[in-house]
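Report on the structure given below.
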Amino acid sequence: EIKENDVLCGRGSGPNENEGNIRFRSFIVEREIEYRSTNNRGVKSNIAGDIIKKVLDGGGRFLQKINRDETKRLGLQNNTYIVASDDTITEKIKQALRQNRDKSHNTNKTTSS
């Protein structure tokens with residue numbers, strides 16, 4: 001069962017509109033400048049770890065949808081989620097921080113005529 005503070009890994013309107021994902025994106029925004037300002041992988045990993053801790057401390061989990069073939073094989077219903085691995089969670093956070101960077105760079109670009 002998906003809870004209010006859970007973060008759904010994936011794309012589309014389901015994860016985007018989920019309350020936990022909205023809160024997760026606010027955590028990303030809080031740390032994105034700090035993340036972008038360093039090239040130190042250790043610092044970046046610590047930032048990701050802090051975001052994980054914030055979600056977990058708030059009662060949330062990082063969930064990933066099981067694909068159709070796997071749900072059939074396991075005899076589960078469609079739209080079944082499992083707790084994501086630590087590696088998947090860390091990559092989701094780092095990707096979100098990078099995507100926000102890319103969006104902010106794109107909005108600051110101007111075109112000349």
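The values are calculated or read from the model by the stated rules, or taken from the named source; none is laboratory data. Everything numeric here is computed off the predicted structure, so don't read it as measured data. Ideal geometry is used to build each Cβ from the backbone, glycine not excepted, and the neighbour counts take in all protein chains shown. Protein only, heavy atoms only, side chains kept; ligands, DNA and RNA dropped before computing areas. Shrake-Rupley method; radii C 1.70, N 1.55, O 1.52, S 1.80 Å.
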>> For the condition out of contact with any Phe, Trp or Tyr (no Cβ under 7 Å at 6 or more places or on another chain) and either at pLDDT 95 or above or open to solvent by less than 40 Å² (accessible area, probe 1.4 Å) (or both), what is the one hit in ARG68, ARG73, ARG61?
In response: ARG61
> Residues in the range 12-31 that are open to solvent by less than 30 Å² (accessible area, probe 1.4 Å) and either farther than 17 Å from GLU91 by Cα or not hydrophobic (A, V, I, L, M, F, W, C) (or both): how many?
Replying inline: 4
>> Name the residue that is modelled with the highest pLDDT, counting only residues in the range 76-87 that are among the hydroxyl-bearing types (Ser, Thr, Tyr) and open to solvent by 50 Å² or more (accessible area, probe 1.4 Å).
In response: SER85
> Name the residues in the range 32-57 that are among the polar types (S, T, N, Q) and either surrounded by 18 or more Cβ atoms within 10 Å (Cβ to Cβ) or free of Cβ contacts under 8 Å to residues at least 24 places away in the same chain (or both), would you?
Replying inline: SER37, THR38, ASN39, ASN40, ASN46
